[in-house]
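The numbers here are math on the coordinates, done by the rules we state, and not lab data. A quick note: this is a predicted structure, and the numbers were derived from the prediction, not measured. Cβ coordinates were reconstructed from backbone atoms using ideal geometry, including for glycine residues, and neighbour counts include every protein chain displayed.
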Amino acid sequence: MPDVIDHDIVIIGSGLAGLRAAISAASVTNGKKLNIGVFSKVQVMRSHSVSAEGGTAAVLFDDDGDNKESHVYDTIKGSDFLGDQDVAERLVDNIPFEIYQLDRWGMPWSRRDDGRIDQRKFGGYSYPRATYAQDKVGFYEMQTLYDTSLKYDNIHFYNEWFCTSILHDDNNFQGLTAIEMKNGNFVKIKAPAGIICTGGAGRIFSFSTYAYSSTPDGLDMCLRAGLALKDMEFVQFHPTGILPSGILITEGARGEGGYLINNQNERFMLKYAPEKLELAPRDVVSRSMIQEIQAGRGFEHESGLECLKLDLTHLGDEKIKEKLAGIREIGIKFSGVDIVDEPIEIRPVCHYMMGGIHTDIDGKTEMNGLWAAGEAACNSTHGANRLGANSTSECLVWGRITGEVAAKYALSKKESSSGNISITLNNQQILDEEKRIFDNIFRGRGQVNPYEVRKELTDTMDAKAYVYRDEKSLMEGLKKTRELKESAWKHVDDNSKEYNTNFTNVMEIDAMLRTAEIVLMGAINRKESRGAHARIDFPKRDDVNFLKHTLAYYKQDGPVLDWYPVTFTRYAPVERKY
Amino acid sequence: MGWKFNMSGKDNSGDHSGNDNNEEKIHKKELNGPKKTKSVESKSKFTDKTITLKIFRINQNNEKSNSHFDEYKVSSKRWTTVLDTLLDVKSYQDHSISLRYSCRMASCGSCGMKINGVPRLACYTKISDLISEDDPDPTITCEPLANFPYIKDLVTDFSQFFNHHRKIMPYIQNTKNDTIDSENLSEYVQSPEDLDKFLQFSYCIKCGLCYSSCPTVATDMNFPGPQALSQAYRYFIDTRDSANKTRFNIIDDRHGIWRCHFAGSCSHVCPKGVDPALGIQLLRSHLLGFNKNEKKIAKLREK
């Protein structure tokens, strides 16, 4: 393998957004195909998108009472009016196409008796519009896209390549540096266009539904290249994570009729969201659960954590086996509970980052030639709180859009340089990156166990930046995070070149510390309660001072925060009731 | 005719006499999900234990490194999985252990390895299910999957496995409806019964356990293996696909589907309840003409 690889487009990440972008870019031609490289730190089909369970929101039954305006408004209201309204409209307009496109590609959508694609109820929607395939929607979407991508001979997969930095000339994207894990080689990749699809950062929390691989490496690469992260303080806590692992029980379980109960055997959501009950948006349900626990109406799990219960027993054997087989399996295996027979213990769990790399409505970042899609990106679809089933939608829609736009950009670059784009890499950047990862990390002299640092960081995030927050605990969290960051921890015990996961783990932890710092600073700075960000000391939403996005840049001395306006089209903010 | 399709050790026994009706029943039965495992019954019995974890160590590219086992003591609770203990050891005792892992919920297929001699997912195998309560010094052994070349420790090379998957053309081929008109969107009409015919085969998470347990793969690396062949059946039987011939030509080969000698170990080890042996036999019966493919190619719904 040469130590420089050339591509027309590089895609970083092979989850839903990455695969959709790859197929979309591979289909754009002008007689000649583009040469697309997909780089992922895991093998393809191992990305966390496979764990998405419940559904993909889309308006399919406009002949039966659903309509796009309703999906747009539900999304904006769900976002607590921090979502960009033109972006929500773009999502809603484009997602039905994706559902039918996946059908053409072999997606095993669950069907109605008449052979049409079925949909189920989901939280925060006025119509049952979560399109599903049993309770393994993300898995099947990944499988369908991966299998379909194999049709294209111009998509090249680089499995288990750990990308470490973005190469750029001023503000123009030029490529990447990466480590090929199998042999440990440090490789430069040149490309005029790139798309970041590296997913969310939820592993900065201990109690988390995320895969172990969901660390903010992609976000951190962008930060180090001078780009902004947006709205990082908005972290979604999903109401139903099982204990003690944090593995997700899909919202589809409540969509199919599941109840949440406290130790008085009450359906407590009656008090908090009398209309939508268990199907209020996730931020509302998670806050209600914490209030129940604090009022002494929770259960104690044998791990010591307090929790509530999800009761599905009344749904009956047949419905559970047909529609919720996957989570029944999860309950039996990981919780020791068969949901057919008894309620299962659950607790709000870190599940999604509304924030991410700052992009415009087309997914373009602040750097020419670089786009971002999926959870890694923040194009502001979801504002302060995402509705369930809208994230797979976002991955599909902006996977396709960024793939197409990046392909057109790469084509125009090719044409203007008569077929031979010559990129001259900045050697200093490469030397700096080698110094960062090899001198400071691989041959680092730290004494503290990096895995201990990771544990302390994620436990701190659980304790200080959970469902309810206040100035005091957030400040304590920030202080602790900075102490950890400054402590002498960077070193790698494994000195082999080949498949050195100790090395990649330490690079991940380095990224986690910087990202966590930004989450905490954003949370301290936002002195209001909006969507998933609930401040005990500022319990009201404050549209006068905070109806705007947070931006965070990384400067020499640390993160610097700024604001960015929200785009409105038709809907004025009103009080959110469910 | 009339061979038995009771390959998986699960509850899908039944004679198969070659008509479509029966084929449907077989598929449907698999959908009933997992049986209750020991863990449900033993919920409160298991007490915290210290176990010995034996891990196979190798660095294939480094000749100085000899393969050997390292042993670690690690504590385990009722819910602790083999993956939990491996990561515990990696974090606090020996950072240099290499293994693959990601979702820790049996969806991503990363952590396949031989555990006590059997191919399993580490995240889906609980310590409490492997050891007996009265064993004073329980030991659990982790080794890399067989039939895959070594890279380092528990990490093996999956390139050949993914190549086999790609070769059987695992995607819908249907020239009639390749393009989609964004002005007039609609889906293929596919009944729940049509869906059930391929659904169990699409549970495959490409973890490689079946491939590692296949005695035919062990002797012929050109044999596509149970994973690829079951995916060939999955697309063959999907009413949206019309590429029977092309896919048949690929698997009807000297190293192809006929080499399977029906050991059934693939179906035994699948963590997701897929029955690749059944898929292979159904494909063969179609190739031989015992089973007529009366699949009606799905039509797009008219608005």
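Brief remarks follow.
- Where only DSSP H runs of four or more residues are counted, the protein assembly as shown gives -9500 deg cm²/dmol as its mean residue ellipticity at 222 nm, each run worth -39500 (n - 2.57).
- Segment B:44-139: GluC sites (Glu not before Pro) in DSSP loop, at most 15 other beta carbons within 10 Å: B:GLU63, B:GLU133
- The long axis of helix A:390-416 is offset from the longest Cα principal axis of chain A by roughly 20 degrees.
- Listed residues A:GLN447, A:TYR499, A:THR481: farthest to the positive end of the dipole of segment A:427-545 (Cβ charges): A:THR481
- Long-range Cα-Cα pairs in segment A:239-348 (distance over 17 Å), rounded percent: 48 percent
- Span from the segment A:550-578 Cα centroid across to the segment A:210-229 one, whole angstrom: 19 Å
- Computed about the Cα centre, the dipole magnitude for segment A:427-545 is approximately 360 debye when only Lys and Arg (+1) and Asp and Glu (-1) carry charge, each at its Cβ.
- Per residue, the convex hull spanned by the Cα atoms of segment A:100-245 measures out at 187 cubic angstrom.
- Chain A - percent relative contact order, Cα under 8 Å, separation 6 or more: 21 percent
- Exposure proxy for A:VAL519, A:VAL72: other Cβ atoms within 10 Å of each Cβ, ordered fewest to most, give A:VAL72, A:VAL519.
- q = 0.23 Å⁻¹: log10 I(q)/I(0) that the Debye formula gives for segment B:46-156, counting C-alpha atoms only: -1.37
- Sorted on the mean count of surrounding Cβ atoms within 10 Å across their residues, most packed first, peptides A:27-37, B:186-196, A:342-352 read A:342-352, B:186-196, A:27-37.
- Other residues with beta-carbon under 14 Å from the beta-carbon of A:TYR499 carry, at +1 per Lys or Arg and -1 per Asp or Glu, a net charge of +1.
- Exposure proxy ranking for B:THR125, B:THR52, based on other Cβ atoms within 10 angstrom of each Cβ and starting from the fewest, stands as B:THR52, B:THR125.
- Where both bridge residues fall in chain A, DSSP classifies roughly 65% of the beta bridges as antiparallel.
- Nearest-ten-degree value, helix A:68-78 long axis tilted from longest Cα axis of chain A: 90 degrees
- Simple rule: put +1 on each Lys or Arg Cβ and -1 on each Asp or Glu Cβ in the protein assembly as shown, find the dipole, and look at B:PRO119, A:ILE195, A:TYR100; the Cα lying farthest toward the positive end is B:PRO119.
- When only the Cβ of Lys, Arg, Asp and Glu is charged (+1, +1, -1, -1), the dipole of chain A relative to its Cα centre reaches about 540 debye.
- Average other protein chain Cβ within 10 Å of Cβ, residues B:119-127: 1
- According to the Cα-based calculation, Rg over Rh for segment B:169-277 is 1.04, with Rh computed by the Kirkwood formula.
- The convex hull drawn around the Cα atoms of segment A:380-419, when projected onto a plane and averaged over every direction, covers 3.3 nm².
- Amide H within-cut-off set for B:ARG240, under 5 Å, with H built and near neighbours excluded: B:ALA298
- Computed over segment A:427-545, the Cα gyration tensor eigenvalues convert (square root of 5λ each) into semi-axes of 35, 15, 11 Å, ordered from largest to smallest.
- The phi-based Karplus calculation (6.51 cos²θ - 1.76 cosθ + 1.60; θ = phi - 60°) puts the 3J(HN,Hα) values of segment A:305-314 at 6, 8, 7, 10, 10, 9, 9, 10, 4, 6 Hz, whole numbers, x for Gly and Pro.
- Rg ratio (alpha-carbon, reference 2.2 N^0.38 Å) - segment A:1-41: 1.22
- Other protein chain C-beta atoms within 10 Å of residue C-beta, averaged over A:125-138: 1.
- Across segment A:244-249, coupling constants 3J(HN,Hα) worked out from phi with the 6.51/-1.76/1.60 Karplus curve, θ = phi - 60°, read x, 7, x, 4, 7, 9 Hz, and Gly and Pro carry x.
- Counted by Cβ distance under 15 Å from B:GLU71, the other residues give a net charge of -2, where Lys and Arg count +1 and Asp and Glu count -1.
- Set of aspartates and glutamates near B:LYS245 by C-alpha distance (under 15 Å), chain-local residues within fewer than 8 positions excluded: B:ASP253, B:GLU294
- Three semi-axes describe the equivalent ellipsoid of segment A:369-495; taken as square roots of 5 times the Cα gyration tensor eigenvalues and ordered largest first, they are 37, 29, 12 Å.
- Put in order of Cβ neighbour count within 10 Å, fewest first, the listed residues A:PHE538, B:PHE158 become A:PHE538, B:PHE158.
- Whole-Hz couplings from phi, Karplus 6.51/-1.76/1.60, listed for segment B:285-292; x for Gly and Pro: 5, 6, 5, 7, x, 5, 10, 8
- With K and R counted +1 and D and E -1, the other residues having a Cβ less than 11 Å from that of A:ALA201 yield a net charge of -2.
- Expressed as a fraction of 2.2 N^0.38 Å, the C-alpha radius of gyration for segment A:230-304 is 1.13.
- Distances between placed amide hydrogens fall under 5 Å for A:PHE157 paired with A:VAL38, all partners being 5 or more residues away or on another chain.
- The protein assembly as shown: Cα Rg divided by the 2.2 N^0.38 Å rule of thumb: 0.89
- Size of electric dipole in segment A:239-348: Cβ of Lys, Arg +1 and of Asp, Glu -1, about Cα centre, debye, nearest 20: 320 debye
- Taking every residue in A:507-519 and counting other chain Cβ atoms within 10 Å of its Cβ, the average works out to 0.
- Dipole-positive endmost among B:HIS95, B:THR47, B:TRP79 within segment B:46-156 (Cβ charges, Cα centre): B:HIS95
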